[in-house]
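Okay, structure first, notes after.
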Amino acid sequence: MYEDIVSESLKARRNSYCPYSHFAVGAALLCGSGKIYTGCNIESAAFTPTCCAERLAFYKAVEAGEREFTAIAVCGAPEGTVSDVFCMPCGVCREVMREFCGSGFTVISVIDEKTYKAFAFDDILPNSFKGL
Ligand code: THU
């Protein structure tokens, strides 16, 4: 069911620009339209402008007019290595997901094409701030 985004996240990770942390992340976001948007982490010498893989995938999709989101696959590990732990989205990325996603959204943490785990979004950002 999630094979396409799992494999797209692994591909996107290859383009990670991470000369400071040497931690490479890839993400692939499946939209209600059926389209997939990918992202990788992009770092900066000034550190703060660094963009996570998940956020880049969301921002590309939102800019393209997407507003319905089904699932995101994420894989992260030290550059040049294959992940051996399930990498999870950071808190800032979870807040960006909250902006656009409801309880049906799924986060898939990927180790390789055959090894991944699915999490219900509400389970990884419970009791979240929902706006004023
Ligand atoms: N990173 C992501 O791309 N996604 C996350 O959810 C966690 C962290 C990136 C940011 C930075 O480039 C590197 O991983 C180390 O924190």
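Read-outs: derived from the displayed coordinates by stated rules, not from any lab. Worth saying up front: this structure is predicted, and the values here are computed from it rather than measured. Please note: Cβ atoms are built from the backbone with ideal geometry, for glycine as well, and neighbour counts cover all protein chains shown.
One table, with the values for the structure above:
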quantity	calculated
The chain - mean residue ellipticity at 222 nm from DSSP helices (-39,500 (n - 2.57) per run, n ≥ 4, rounded to 500)	-7500 deg cm²/dmol
The chain: radius of gyration and largest Cα-Cα distance (Dmax), Å	13.8, 43
Sequence of Tyr116, Tyr37, Tyr59 once ranked by neighbouring C-beta atoms within 10 Å, starting from the fewest	Tyr59, Tyr116, Tyr37
Karplus 3J(HN,Hα) series, Hz, for the stretch 17-29 with 6.51 cos²θ - 1.76 cosθ + 1.60 (x for Gly, Pro)	10, 9, x, 9, 8, 6, 10, 9, 10, x, 9, 9, 10
Long-range amide H partners of Glu66 with built H, under 5 Å	none
About the Cα centre, charge dipole magnitude for the chain (Lys/Arg +1, Asp/Glu -1 at Cβ), debye	140 debye
Per-pair calculated FRET efficiency, R0 = 35 Å: Met1 and Leu132 via Cβ, rounded to 0.05	0.45
Karplus-derived HN-Hα couplings along the stretch 87-93 (A = 6.51, B = -1.76, C = 1.60, θ = phi - 60°), whole Hz, x at Gly and Pro	6, 10, x, 5, x, 5, 5
For the chain: relative contact order, % (alpha-carbon pairs under 8 angstrom, 6 or more apart)	22 percent
Sequence-separation-based contact order of the stretch 9-69, relative, with Cα cut under 8 Å and 6+ spacing, percent	31 percent
Most mobile of Phe119, Phe100, Phe47 in a GNM of the chain (Cα contacts under 10 Å)	Phe47
Positive-end residue, the chain charge dipole about Cα centroid, Cβ charges, pick of Cys101, Leu10, Val25	Cys101
